[in-house]
Amino acid sequence: MKRIAVLTSGGDAPGMNAAIRAVFKKAVAEGIEVYGINHGYAGMVAGDIFPLDFKAVGDTVRRGGTFLYSARYPEFAELEGQLKGIEQLKKKGIEGVVVIGGDGSYHGAMRLTEHGYPAVGLPGTIDNDIVGTDYTIGFDTAVTTVVEAVDKIRDTSTSHHRTFIVEVMGRGAGDIALWSGIASGADEIIIPEKDFKFEDVVKNIQEGYENGRNHHIIILAEGVMSGAEFAEKLKEAGDRSDLRVSVLGHIQRGGSPTVRDRVLASRMGARAVELLRDGIGGVAVGIHNEELVESPILGKEEEGALFSLTEKGEIVVNNPHKADLNLYNLNVDLNKFE
Ligand code: ADP
């Protein structure tokens, strides 16, 4: 392969720039040219494709967001959109593509591979909700941001003896809530993967204050419900504490990537180029037990594919994501860490 392209798609995540940079540098070392595609699949179809050089990737390893911009472009799920995109790749002589994004973006990578343009997926999302990898690019930074914010919320929570519900991102996954909750010493962590009862939360809050605690921090994953709804239900269940809701929102998606995210993104970016160099597409790179691994994006579950097709042609996720509940199984009594 003499020329490849790289794009970022779906929700952005800190570390995407580090991955783009690694793709470029590894490719140069392999004698492969690299083009950048702006705005994900939308830019591919529009022909917004340009050669990357050292200047373009310079000083990006520490920058949040993605300098290639990201976009959602549902038209790429249709054959017509895919063929238009391929036409543009053909015009530029591009033979393979690195797609940095979530599982939606992986589907696009699969389609490109099926049309004869090998594409490799890299997991770029703060949510850590992608099958086939222990960690996604951006997760560590997002959790660090949440912990810094909760440390500050705790100060004011303590001063006023207030109960805080801190709503964090994660889509359907509780990873951000679980990790940030443990790292910030939260009193309660509510995630979609584990059932809970409002009555129990009310009881914990009451007992905490009775025992002399001067704050109560609840980390709530957005996949459970909104902070406002949670507060309503808590009051309905009998909570009488001075309750506040804090929605951290998009600050979780930005910021300079942590060391972990920079290194992870760099390793994965380099691996993606090795795969394309060897003509391999339709796979996603992941990390498992600190080793880089690859899984086929679409195929049979028993062969390690991330997704399978049913007889009706529907795409199903194999091994749906589960948060790392082992942390819970340790029976960590969070109160002991106060
Ligand atoms: P994420 O990649 O973070 O999961 P999305 O689900 O929004 O985000 O997907 C990102 C983009 O990937 C979409 O806007 C679309 O361009 C492309 N895409 C999503 N699903 C498919 C599909 N089934 N086939 C081809 N391309 C897809």
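Condition first: part of a loop (DSSP other than H, G, I, E, B) and surrounded by fewer than 24 Cβ atoms within 10 Å (Cβ to Cβ). Now tell me which residues in region 10-47 satisfy that. Passing the criteria: Gly10, Gly11, Glu30, Gly31, Ile32, Asn38, His39, Gly47.
Being among the basic types (Lys, Arg), within 16 Å of the ligand (Cβ to nearest atom), out of contact with any Lys or Arg (no Cβ under 9 Å at 6 or more places or on another chain) and touching a residue at least 12 places away in the same chain (Cβ under 8 Å) holds for only one residue in Arg154, Arg111, and it is Arg111. Scoring Leu7 on the criteria (1) of a type outside the set (S, T, N, Q); (2) buried (at least 24 other Cβ atoms within 10 Å of the Cβ); (3) within 12 Å of the ligand (Cβ to nearest atom); (4) in a loop (DSSP other than H, G, I, E, B) leaves a single failure, condition (4). Is it the case that some residue within region 90-104 is under 17 Å from the mean Cα position of the chain (by Cα), within 19 Å of Ser308 (Cβ to Cβ) and not charged (D, E, K, R)? The answer is yes; a qualifying residue exists. Residue pairs whose Cβ atoms lie under 8 Å apart, separated by 6 or more positions or on different chains, with the first residue in region 79-102 and free of Cβ contacts under 8 Å to residues at least 60 places away in the same chain and the second hydroxyl-bearing (Ser, Thr, Tyr), are Gly81/Tyr41; Gly81/Tyr73; Gly85/Tyr41; Ile86/Tyr117. Filtered by the rule that a residue be of a type in the set (Phe, Trp, Tyr) and either in contact (Cβ under 8 Å) with a residue 40 or more places away in the chain or not in a helix (DSSP H, G or I) (or both), region 68-78 gives Tyr69, Tyr73.
Any idea which of Gly223, Gly185 is in contact (Cβ under 8 Å) with a residue 40 or more places away in the chain, under 19 Å from the mean Cα position of the chain (by Cα) and surrounded by fewer than 23 Cβ atoms within 10 Å (Cβ to Cβ)? Talk me through it step by step, then tell me what you get.
Working: Gly185 fails: under 19 Å from the mean Cα position of the chain (by Cα).
That would be Gly223, the only listed residue that is in contact (Cβ under 8 Å) with a residue 40 or more places away in the chain, under 19 Å from the mean Cα position of the chain (by Cα) and surrounded by fewer than 23 Cβ atoms within 10 Å (Cβ to Cβ).
Values quoted throughout were computed directly from the atomic coordinates according to the rules given, and no laboratory measurement underlies them. No experiment lies behind these values; they were computed from the predicted model shown. Using ideal geometry, Cβ is built from the backbone for each residue, glycine included, and neighbour counts are taken over all protein chains shown.
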